[in-house]
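Reading through the structure tokens given below for one structure.
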Amino acid sequence: MNGWAQAALALHLGWAGFAFGVRAAVQRRRTGDAGFRGVSGRPGEASWWAGVLFVAALLGGAAAPAAALAGLPTAAVPALRWTGLVVALAGMAATTAAQTNMGASWRVGVDAGERTTLVTGGLFAHVRNPVFTAMTVTGTGLALMVPNPVSLIAVAALIAAVQLQVRVVEEPYIRAVHGPAYAAYTARTGRFLPGTGRLITRPDCCT
């Protein structure tokens, strides 16, 4: 059991460090800007909760295997754990690919006054938010490696954070910046999975 918890903890820390720390360093070297924009909104607003929940999910992802190492009961199902390992590794690879596809447009958070390029190539040709999809896959895989109450809470927090961040913060911002180009993109591309969550803009019936 300890071996799985140790592996999950190492993978989580390595993934988080690479996805944020290494990626930010690469971004700064290439563009002069690390890409961090922080939490949007005022305390209590949906956008603020998105940031808080995302931080909670990252901390929970580390706390789950740490709690298992400290003795918290964890389901010992080998098939579940091996599945989690495969899913987590696939999610990590997809996270890296999606972040790379973003190029200079990669950001953590949103600055309403900033104008970035609309990315529609690579994984973004199939889903509009592949980074968030990949992160959710990774978090789910890590939770399956150490299935306990803390890991389940961490995954739930991550899913809630992603939904709020995309729907409340990012989609309105990108729609305002890119207008018709984004409308056309959302009409043909799913939000988190191919073919699902497409947004069809309907003409005003009364004009």
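FYI, it's all coordinate maths here, none of it is from the lab. Please read all numbers here as calculations on a predicted model, not as lab measurements. Glycine gets a Cβ as well: all are built from the backbone with ideal geometry, and neighbour counts include every protein chain shown.
The C-alpha atoms of the chain define a longest principal axis, and helix 130-145 lies at about 10 degrees to it. Note on ASP111/ALA70: beta-carbon distance plugged into 1/(1 + (r/R0)^6) with R0 of 30 Å gives a FRET efficiency of 0.15.
Specify, per residue and in Å³, the volume enclosed by the convex hull of the alpha carbon atoms belonging to segment 95-207. Present the calculation step by step, with values, prior to reporting the outcome.
On the way: hull volume 13.8 nm³, N = 113.
Dividing the Cα hull volume of segment 95-207 by its residue count gives 122 Å³.
For GLY190, the residues whose modelled amide H falls within less than 5 Å of its own, excluding neighbours fewer than 5 places apart on the same chain, are ARG128, GLY195, THR196. Which whole-angstrom value gives the distance between the alpha carbon centres of segment 1-74 and segment 104-148? That distance is 13 Å.
With respect to the chain, whose longest principal axis is taken over its alpha-carbon atoms, helix 171-188 is tilted by about 90°. Each residue of segment 43-57 is assigned a 3J(HN,Hα), and the resulting list reads x, x, 6, 4, 5, 5, 4, 4, x, 5, 5, 5, 4, 4, 5 Hz, derived from the Karplus form 6.51 cos²θ - 1.76 cosθ + 1.60 (θ = phi - 60°), x at Gly and Pro.
Rounded to two decimals, the Cα-based Rg/Rh of the chain, with Kirkwood Rh, is 1.01. Among the trypsin sites (Lys or Arg not before Pro) in segment 110-207, those placed in a DSSP loop whose Cβ has at most 10 other Cβ atoms within 10 Å are ARG115. From its DSSP helices (H runs of at least four residues, each -39,500 (n - 2.57)), the chain gives a residue-normalised ellipticity at 222 nm of -20000 deg cm²/dmol. Taking all Cα pairs closer than 8 Å and separated by 6 or more residues, the relative contact order of segment 2-188 comes to 33 percent. Taking only the C-alpha atoms of segment 79-129, Rg followed by Dmax gives 14.4, 48 Å. Helix 78-102 axis versus longest C-alpha principal axis of the chain: approximately 30°, rounded to the nearest ten.
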